[in-house]
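Engineer: Below: one structure in structure tokens.
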Amino acid sequence: MLSIDDLRGRTLDARALRETLPRAEFDVEAALDVVRPICEDVRHRGASALLELGERFDGVRPPRLRVPAEVLEAAAEQLDADVRAALEVSIERARVVHRAQRRQDVITQVVPGGTVTERWVPVERVGLYVPGGLAVYPSSVVMNVVPAQEAGVGSLAVTSPPQRENHGIFAGYPHPTILAACHLLGVQEVYAVGGAQAVAMFAYGVPADEASGTEAVEPATLVTGPGNIYVASAKRLLQGVIGIDAEAGPTEIAVLADDSADPDHVAADLISQAEHDPLAGSVLVTDSEELAGQVVAAVERRVPDTKHAERVRTALTGSQSGIVLVDDLDTGLRVVDAYAAEHLEIQTRDAAAVAARVRNAGAIFVGAYAPVSLGDYAAGSNHVLPTGGSAAYASGLSVQSFLRGIHVVDYSEAALREVAHHVVALAQSEDLPGHGQAVTARFGDEVPTPAGERA
């Protein structure tokens, strides 16, 4: 089921590794032709377009775009007690981790009378996207909302696709478990909108519409959260109109393991990621041919008993999944750094030391007792992570995602006088004399002599 790519005895540079390693095909650019008219429709027709698009793509027309407060309350009231307890633990642990990320303002005295302060300010309003396709993701509500709240964002809204399987009070709204998670987090602004149209709703805003009973939706400053290819494509299209966290692609796991790893653990972890999506990537990198064979056997044994066996089998047999054999762990580290996995597990001897050498990963899971699913739900870490190799330059969602650093420059007359001649010299070197004159205008249109120097 898992193909094996034997790199032993081969020396591959970074470019060759990128071309060799398994990766899902995910053409965001190609989806733009589909997404562009959807976004324009939302921009020009607002609520009417959103309601019609919900019916077209999700198979159900929401009664209202905004989920009423009583529906959120009802979702929380009927929530299974065990699921509620698990969500509360997830929220609590996420708050512990994300609260510690909040940056403090830093004031630096450059010279006497001259300071530069880096002030951290939250964005004003965020739209948080929660997927609702092949699975239900209340955990994604937690992962989006908690860092935004801990950053101090004053206005936040959650959106998730309406579910045609819902009945009763929940008919035409997002999954009740997602609504319950919003209620537990104190989020009252929740919309039954999915796909590219949800990103457009947050980008452009929506005026009030009496005919449909739609309240106005204020534009957001930033939109975050994973979604399908159309959500990613809409983010690309509308970036600039709105800020984005990332263009999330199919989820992926890489496991770096040696012969000390338990093949059953590795197989279970590869399968757990594969059940997300037929395009999900599950990759094992190992220097042990014996372990590779044992993992293949364990996967073959486990998949038939997996609930989503067909989806898992499709993902594991796709070009995005496989086993990579390497000569040693040093080479394995080069391979996983080139792959830059969204999730990277280290199942080796002295796993913590090996993990410390990793440079590129969205999140690293160390040892036999830190599976990716722990991070998905209850480690306290965030599971909204960079995909498709972007972990080589991007970070996962955090409090920092919702903050902006603003430099505040405060110089006295004496401090400006001291450096004025340097400013003028650099302005003249760049042939921008007006820049220098903006300084000398404060000193009688003359270049001031620094204190302590003879005129």
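Engineer: Do you know which residues across segment 363-386 are out of contact with any helix residue (DSSP H, G or I) (no Cβ under 8 Å at 6 or more places or on another chain) and farther than 24 Å from Ala232 by Cα?
Structural biologist: First, pick out the residues of segment 363-386 that are out of contact with any helix residue (DSSP H, G or I) (no Cβ under 8 Å at 6 or more places or on another chain): 369-370, 374-375, 386.
Within segment 363-386, Tyr369, Ala370, Leu374 meet the criteria.
Engineer: Which residue is nearest to Val42 (Cα to Cα), if the candidates are limited to segment 240-262 and must be open to solvent by 30 Å² or more (accessible area, probe 1.4 Å) and over 15 Å from the mean Cα position of the chain (by Cα)?
Structural biologist: So, considering only residues that are open to solvent by 30 Å² or more (accessible area, probe 1.4 Å) and over 15 Å from the mean Cα position of the chain (by Cα), the one nearest to Val42 (Cα to Cα) is Val241.
Engineer: Right, here's the next one. In contact with an Asp or Glu (Cβ under 6 Å, 6 or more places away or on another chain) and in contact (Cβ under 8 Å) with a residue 24 or more places away in the chain: which single residue out of Arg99, Arg84, Arg36, Arg18 fits that description? Can you show your working first?
Structural biologist: On the way: Arg84 fails: in contact with an Asp or Glu (Cβ under 6 Å, 6 or more places away or on another chain); Arg36 fails: in contact with an Asp or Glu (Cβ under 6 Å, 6 or more places away or on another chain); Arg18 fails: in contact with an Asp or Glu (Cβ under 6 Å, 6 or more places away or on another chain).
Exactly one residue qualifies, and that residue is Arg99.
Engineer: Restricting to segment 371-409, and then to whatever is surrounded by fewer than 19 Cβ atoms within 10 Å (Cβ to Cβ) and without any contact (Cβ under 8 Å) to a residue 60 or more places away in the chain, can you tell me which residue is nearest to Asp264 (Cα to Cα)?
Structural biologist: Going through the qualifying residues, I end up with Leu374.
Engineer: Oh, and also: Run Pro226 past the list (1) under 21 Å from His308 (Cβ atoms); (2) open to solvent by less than 20 Å² (accessible area, probe 1.4 Å) and report the number of the one that doesn't hold.
Structural biologist: In the conditions (1) under 21 Å from His308 (Cβ atoms); (2) open to solvent by less than 20 Å² (accessible area, probe 1.4 Å), Pro226 misses (2) alone.
Residue by residue, here is whether (1) among the small types (Gly, Ala, Ser); (2) touching a residue at least 12 places away in the same chain (Cβ under 8 Å); (3) within 16 Å of Val130 (Cα to Cα) holds:
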residue: Tyr173; (1), (2), (3): no, yes, yes
residue: Cys182; (1), (2), (3): no, yes, yes
residue: Ala196; (1), (2), (3): yes, yes, yes
residue: Tyr230; (1), (2), (3): no, yes, yes
residue: Leu238; (1), (2), (3): no, yes, no
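Quick grid of which residues meet (1) of a type outside the set (Asp, Glu); (2) over 30 Å from Tyr230 (Cβ atoms); (3) in contact with a strand residue (DSSP E or B) (Cβ under 9 Å, 6 or more places away or on another chain):
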| site | (1), (2), (3) |
| --- | --- |
| Asp33 | no, no, no |
| Val42 | yes, no, yes |
| Gly59 | yes, no, no |
| Leu87 | yes, no, no |
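Engineer: Considering only segment 333-357, state which residues are open to solvent by 20 Å² or more (accessible area, probe 1.4 Å) and in contact with a strand residue (DSSP E or B) (Cβ under 7 Å, 6 or more places away or on another chain).
Structural biologist: First, the residues of segment 333-357 that are open to solvent by 20 Å² or more (accessible area, probe 1.4 Å): 334, 337-338, 349-350, 352-353, 356-357.
Hit for segment 333-357 is Ala352, nothing else.
Engineer: Being at pLDDT below 95, on the phi < 0 side of the Ramachandran plot and out of contact with any helix residue (DSSP H, G or I) (no Cβ under 7 Å at 6 or more places or on another chain) is the requirement here; does Ser288 meet it? Give the steps one after another, and end with the answer.
Structural biologist: Numbers: at pLDDT below 95: no; on the phi < 0 side of the Ramachandran plot: yes; out of contact with any helix residue (DSSP H, G or I) (no Cβ under 7 Å at 6 or more places or on another chain): yes.
So Ser288 does not fit the description; no.
Engineer: Provide a single number: the residues in segment 145-192 that are β-branched (Val, Ile, Thr) and either part of a helix (DSSP H, G or I) or open to solvent by 30 Å² or more (accessible area, probe 1.4 Å) (or both). Lay out the reasoning, then the answer.
Structural biologist: To start, the set of residues in segment 145-192 that are β-branched (Val, Ile, Thr) comprises 145-146, 153, 158-159, 169, 177-178, 187, 190.
Narrowing the set further to residues that are either part of a helix (DSSP H, G or I) or open to solvent by 30 Å² or more (accessible area, probe 1.4 Å) (or both) leaves 145-146, 169, 177-178.
Of the residues in that region, 5 qualify.
Engineer: Can I ask one more? In the list Val312, Val324, Val295, which residue meets the criterion of being β-branched (Val, Ile, Thr), at pLDDT 95 or above and outside any helix (DSSP H, G or I)? Steps first, please.
Structural biologist: On the way: Val312 fails: outside any helix (DSSP H, G or I); Val295 fails: outside any helix (DSSP H, G or I).
The match here is Val324.
The values are calculated or read from the model by the stated rules, or taken from the named source; none is laboratory data. Bear in mind the structure is a predicted one, so any value in this text is a computation, not a measurement. Here Cβ is always computed from backbone atoms with ideal geometry, including for glycine, and neighbour counts include all displayed protein chains. Keep in mind that these areas ignore ligands, DNA and RNA; they rest on the heavy atoms of the full protein, side chains included. Shrake-Rupley method; radii C 1.70, N 1.55, O 1.52, S 1.80 Å.
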